[in-house]
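Novice: Structure below; questions to follow.
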There are 2 protein chains.
Amino acid sequence: MTETTPRQRARIETEAQIAAIGNRMVDDDGVDGLSLRAIARELGVVSSAVYRYVKSRDELLTILIRDAFTQIADAVDEALAGHRSVETLALAMLEWSRGHPNRWALIYGTPITDYEAPREQTVVPGTRIMVKLAEMVAETRNDAEAAPESGAKPRGSVATSESSGRQRQSMVAALQPLRQGLDELGLDYDDHVILETITIWVAVVGLINGLRFGQFGPGFDDVEDDLMSGVVSRLGE
Amino acid sequence: MTETTPRQRARIETEAQIAAIGNRMVDDDGVDGLSLRAIARELGVVSSAVYRYVKSRDELLTILIRDAFTQIADAVDEALAGHRSVETLALAMLEWSRGHPNRWALIYGTPITDYEAPREQTVVPGTRIMVKLAEMVAETRNDAEAAPESGAKPRGSVATSESSGRQRQSMVAALQPLRQGLDELGLDYDDHVILETITIWVAVVGLINGLRFGQFGPGFDDVEDDLMSGVVSRLGE
DNA sequence: CTCAAATCAAGAGCAGTGCTCACTATTGTT
DNA sequence: AACAATAGTGAGCACTGCTCTTGATTTGAG
């Protein structure tokens with residue numbers, strides 16, 4: 001057992017405190033409100049002291065971003081444990097965004113200027129939900145193939161309208177980067193599943209962004225969930 | 001004819017210069033790079049002097065936001081004049097976002113902390129595209145009703161799956177705020193059109209955000225248009 | 001137990017930001 | 001020519017991230 005000296009304990013304690021205060025500051029005032037000097041003040045310490053624990057503001061940002069990705073993915077997982085459906089996933093994301101609007105913006109809004117999230121630290125937690133969605137979409141598709149119950153199921157309708165052949169061709173290339181990303185996680189889906197996944201994903205994230213960022217104007221506070229359900233069900237036809 | 005004195009001319013000239021420099025700064029370094037002091041420097045004037053022309057940084061922001069909304073809406077209109085379709089609209093937005101990523105973020109990304117865009121100055125230019133989209137969706141629907149050519153057209157499929165009745169009910173309430181917004185612009189559409197419009201809208205904006213903000217990882221530079229076409233066509237089934 | 005090494009905190013300082021205020025130039029009007 | 005409106009100046013306040021030197025404290029090895 002690697003024993004921890006009191007100093008080490010104090011260190012990780014302080015680091016945790018800094019992250020906690022930082023999270024609270026983002027929650028309260030957005031990412032612009034995140035100030036190392038203010039954190040120092042709150043810790044009752046001079047400003048330069050916090051640089052002993054975080055190398056820079058950007059490093060703290062990375063921690064907060066990783067935290068946020070993990071939190072929302074956990075929340076979604078928990079919700080899906082109750083009822084596994086795309087709607088549940090979407091509503092769980094929406095719910096989390098409502099509780100932490102500024103944290104939502106931190107991960108799904110405009111990236112911070114001159115800050116590049118180190119992919120090796122953020123990719124895995126940042127893709128958990130989308131991967132889950134792809135899984136579920138793939139399952140649904142398998143179910144449909146195994147038991148095609150209604151003629152209304154849009155099987156061949158993918159290749160409707162003109163230019164279907166060319167479309168199919170170029171689609172493969174267009175989906176290549178995403179397929180590659182899934183590959184690296186050991187997943188392999190066909191084009192239809194990937195396109196379906198990305199469509200649902202951008203719609204869900206787009207709707208939440210619109211609501212959180214006030215792009216649709218006011219008056220949506222009481223109908224957010226219904227709107228999301230409406231959009232998701234429209235997508236599921 | 002109200003004649004303009006040289007001084008007035010110089011004034012609006014300087015105002016235009018400030019806006020132009022501001023736009024360039026946002027284009028180059030994002031909204032965080034917008035600095036009144038830097039503008040003053042570029043104008044060869046002391047920093048406090050610019051406050052003669054803009055009351056505050058926020059006021060300049062409002063100007064830039066209004067500009068951006070107008071520009072992208074103009075670009076979309078121009079594209080639609082060539083070929084009127086949802087895909088054209090989506091691709092035009094995507095194209096504009098590619099040319100002005102930071103301006104895109106300014107209007108469709110995370111809102112600026114402690115800044116509230118004065119609605120009376122931004123609502124009209126900010127809703128032009130969405131209104132156009134609603135128009136087009138409504139037209140398509142009318143066409144489908146006037147000439148129902150294929151049985152594949154999803155007429156009754158709106159009320160599929162369980163809970164259709166309740167769904168329909170709550171949908172009306174959920175769409176109420178949007179309907180109200182359209183009402184104020186003298187437009188009146190039924191629930192189906194509104195839901196369809198918002199679904200397409202959030203998907204298109206969501207996809208562009210994902211691409212611009214790098215949320216899907218790298219490797220999409222050459223396939224953006226195809227991806228958008230794929231998503232839009234998937235939505236149009 | 002002592003003493004050097006590692007760690008931590010302090011405080012001053014640099015360069016940058018938005019914004020205000022008192023003051024001086026310049027310009028336009030009567 | 002005198003007066004008022006406008007334009008520009010420069011100092012200053014409060015804030016930010018970050019660095020560097022100096023001093024205090026804890027740690028572990030001899």
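Novice: Averaged across the residues of A:214-220, what count of C-beta atoms belonging to other chains lies within 10 Å of each residue's C-beta?
Specialist: 6
Novice: Also: What's the total accessible area buried between chains A and B, using a 1.4 Å probe, rounded to the nearest 100 Å²?
Specialist: Roughly 4000 Å².
Novice: Specify the angular offset, from 0 to 90 degrees and rounded to the nearest 10, of the alpha carbon long axis of helix B:119-146 from the longest principal axis of the alpha carbons in chain B.
Specialist: 20
Novice: Then there is this: Ignoring ligands, DNA and RNA, how do A:H83, B:H192 rank by accessible area with a 1.4 Å probe, largest first?
Specialist: The ranking, largest first, comes out as A:H83, B:H192.
Novice: What's the magnitude of the charge dipole for segment A:1-96 around its Cα centre, counting Lys and Arg as +1 and Asp and Glu as -1 at the beta-carbon? Answer in Debye, nearest 20.
Specialist: So the magnitude is around 620 debye.
Novice: Right, next: If A:I63, B:I129 are ordered by their accessible area, calculated over protein heavy atoms with a 1.4 Å probe, which sequence runs from highest to lowest?
Specialist: Largest accessible area first, the list is A:I63, B:I129.
Novice: For chain A, with only Lys/Arg (+1) and Asp/Glu (-1) charged at the beta-carbon, what is the dipole magnitude about the Cα centre, in debye rounded to 20?
Specialist: That gives chain A a dipole magnitude of about 720 debye.
Novice: Now, a different point. Got a number for carbon plus sulfur as a percent of chain A's accessible area, 1.4 Å probe?
Specialist: The computed percentage sits at 50.
Novice: Simple spin-label model, 7 Å along Cα-to-Cβ: A:R52 to A:Q180 in nm?
Specialist: Computed distance between label sites A:R52 and A:Q180 equals 4.5 nm.
Novice: Quick check: the angle from helix A:164-184's long axis to the longest principal axis of chain A, C-alpha only, nearest 10 degrees?
Specialist: 30
Novice: Per residue, how much accessible area does chain B have with a 1.4 Å probe, in Å²?
Specialist: 52
Novice: Taking the axis about which chain B rotates onto chain A, which residue of B lies nearest it as judged by Cβ position, and how many whole Å separate them?
Specialist: Value returned for chain B: B:G206, 1.
Novice: On to the next question. Pop a pseudo-label 7 angstrom from the Cα along the beta-carbon direction at both B:A10 and B:E145 and give the gap in nm to one decimal.
Specialist: With each label placed 7 Å out from Cα toward Cβ, I get 6.2 nm.
Novice: Additional query: What whole-number volume per residue, in cubic angstrom, does the convex hull of the C-alpha atoms of segment B:1-54 give?
Specialist: For segment B:1-54, the hull spanned by Cα atoms encloses 82 Å³ per residue.
Novice: Let me ask you something else. Pick out, from A:G99, A:L34, A:V50, the residue whose Cα sits farthest towards the positive end of the charge dipole of segment A:33-116, with +1 on the Cβ of Lys and Arg and -1 on the Cβ of Asp and Glu.
Specialist: About the Cα centre, the residue reaching furthest to the positive side is A:V50.
Novice: Further question on the same structure: Once the cut-off is 21 Å, how many percent of the Cα-Cα pairs in chain A end up in the long-distance tail?
Specialist: Looking at chain A, the distances longer than 21 Å represent 66 percent of pairs.
Novice: Could you pull the accessible area for A:T62 with a 1.4 Å probe, rounded to 10 Å²?
Specialist: 10
Novice: Using Cα atoms only, what is the angle between the long axis of helix A:224-235 and the major principal axis of chain A, expressed in degrees (0 to 90) to the nearest 10?
Specialist: The answer is roughly 40 degrees.
Novice: Tell me the distances, shortest first, between A:D28 and the same position across the other copies, using label points 7 Å along Cα→Cβ, in nm to one decimal.
Specialist: Sorted ascending, the copy-to-copy spacings read 3.6 nm.
Novice: Moving to a separate point now. Please sort by residue number the trypsin sites (Lys or Arg not before Pro) in segment B:1-99 whose DSSP state is loop and whose Cβ has at most 16 other Cβ atoms within 10 Å.
Specialist: B:K55, B:R84
Novice: Next question. Show B:M136, A:M130 ordered by accessible area, largest first, where the area counts protein heavy atoms only and the probe is 1.4 Å.
Specialist: Sorted by accessible area, descending: A:M130, B:M136.
Novice: Give me the dipole magnitude in Debye, nearest 20, for segment B:1-54 about the Cα centre, with unit charges on the beta carbon: positive for Lys and Arg, negative for Asp and Glu.
Specialist: That gives segment B:1-54 a dipole magnitude of about 320 debye.
Novice: Measuring from a point 7 Å out along Cα→Cβ, what nm distances, shortest first, does B:L187 have to its partners in the other copies?
Specialist: Values, ascending and in nm: 3.5.
Novice: Okay, moving on. Rounded, prolate or oblate: which fits the protein assembly as shown when a ≥ b ≥ c are the square roots of the eigenvalues of the alpha-carbon gyration tensor, with rounded for a/c under 1.5 and prolate only if a/b beats b/c?
Specialist: It is oblate, given that a/c is not under 1.5 and a/b is not larger than b/c.
The values are calculated or read from the model by the stated rules, or taken from the named source; none is laboratory data. Predicted model, so just to flag it, every value in this text is computed and none were measured. Note that each Cβ is placed from the backbone with ideal geometry, even for glycine, and that neighbours are counted across all protein chains shown. These accessible areas exclude ligands, DNA and RNA; they are computed on the full protein's heavy atoms, side chains included. Shrake-Rupley method; radii C 1.70, N 1.55, O 1.52, S 1.80 Å.
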